[in-house]
Amino acid sequence: MLSFRTMGITVNYRRISPEKFAELQGNPKLAEEFFNGEDSSSTAQIDRLMQAQAQNERELMQQISTQVREALYRDKASVYADNLDTTKTQLSIEKEWQAIHYLLTGEIAFDETQAEPPLSNVVLGGRPTKFKASYGYVRYLTPDEVKEIALALNQVSREELRTRFDSGNAKIYAQEEQWDEESWMFLMNVQDDLVRFFNEAAANNQVILISSD
């Protein structure tokens with residue numbers, strides 16, 4: 001069984017056409033290049049740099065007044081990898097995967113979910129492929145599932161998320177301190193990225209691949 005308790009795990013998404021997905025399934029060499037090629041290595045390196053930058057920014061924010069922090073975070077660009085991918089076909093929610101799953105479903109889960117779909121499928125859903133990820137296997141969501149999830153995500157209100165956020169502060173994976181307003185704004189950036197990503201995939205009738213790395 002895949003264990004999400006491993007330290008350092010991140011959750012990453014790619015969106016591709018059904019035709020491309022079928023091609024990958026029938027061509028192991030192409031699949032290896034797709035998942036492990038130079039582009040993936042470059043993206044991983046960029047991810048690490050962005051994580052370091054984000055950490056530096058968080059440390060700096062602690063020294064700034066609450067009012068200034070809020071103003072800065074309202075205009076803050078996302079630190080995730082999709083902002084460096086001009087085609088917007090990749091997204092990493094890094095270590096925020098369990099926090100996002102909790103905000104969407106009210107459930108704290110690791111490798112299995114008892115929450116109701118389609119929102120439970122945003123982070124922990126998908127059928128396993130034969131392609132290995134760092135932890136377990138790459139999972140996929142069909143175009144119909146992607147459309148169903150996108151519709152559900154668009155119907156989630158900020159108020160609903162905020163209620164869970166305020167009543168939460170449970171032991172969330174990779175959470176080093178109590179949630180505060182800075183945490184809220186940061187998680188909403190992640191949430192907005194996910195909504196845009198699923199909307200784009202739905203509009204283009206695409207498959208979404210989910211991997212744990």
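The values are calculated or read from the model by the stated rules, or taken from the named source; none is laboratory data. The shown structure was predicted, so the numbers you read here are calculated from the model rather than taken from an experiment. Every residue, glycine among them, receives a Cβ derived from its backbone with ideal geometry; neighbour counts consider all protein chains shown. Heavy atoms of the whole protein, side chains included, go into the accessibility calculation; ligands, DNA and RNA do not. Shrake-Rupley method; radii C 1.70, N 1.55, O 1.52, S 1.80 Å.
For the residues Arg15, Arg196, Arg162, a 1.4 Å probe over the protein chains yields an accessible-area ranking, largest first, of Arg196, Arg162, Arg15. Tell me the carbon and sulfur percent of the accessible area for segment 100-213, rounded to whole percent, probe radius 1.4 Å. Roughly 45 percent of what the probe reaches on segment 100-213 is carbon or sulfur. Selection among Gln191, Tyr135, Pro118 by position relative to the dipole of segment 102-212 gives Tyr135 as farthest towards the positive end (Cβ unit charges, Cα centre).
Using a cut-off of 15 Å between beta-carbons, work out the net charge of the residues near Thr129 (Lys and Arg +1, Asp and Glu -1, Thr129 not included). In short, +3.
How far, in nm, would the chain grow between Met188 and Thr163 when pulled straight, counting 0.36 nm per residue and subtracting the alpha carbon separation?
Numbers: separation 25, 0.36 × 25 = 9.00 nm, distance 1.33 nm.
Here the answer is 7.7 nm.
Considering only protein heavy atoms, with the full assembly of protein chains and a 1.4 angstrom probe, order Phe21, Phe110 by accessible area, largest first. Write out the running numbers ahead of the final one.
Details: Phe21 15, Phe110 55 Å².
The ranking, largest first, comes out as Phe110, Phe21.
May I ask which of Lys95/Lys130; Lys88/Lys130; Lys29/Lys132; Lys20/Lys130 have a Cα-Cα span longer than 21 Å here? Lys95/Lys130; Lys88/Lys130, as the Cα separations exceed 21 Å there. Centre-to-centre, using Cα atoms only, segment 192-213 and segment 87-115 are separated by 13 Å.
Leu30 contributes about 40 Å² of solvent-accessible surface, heavy atoms of the protein only, 1.4 Å probe.
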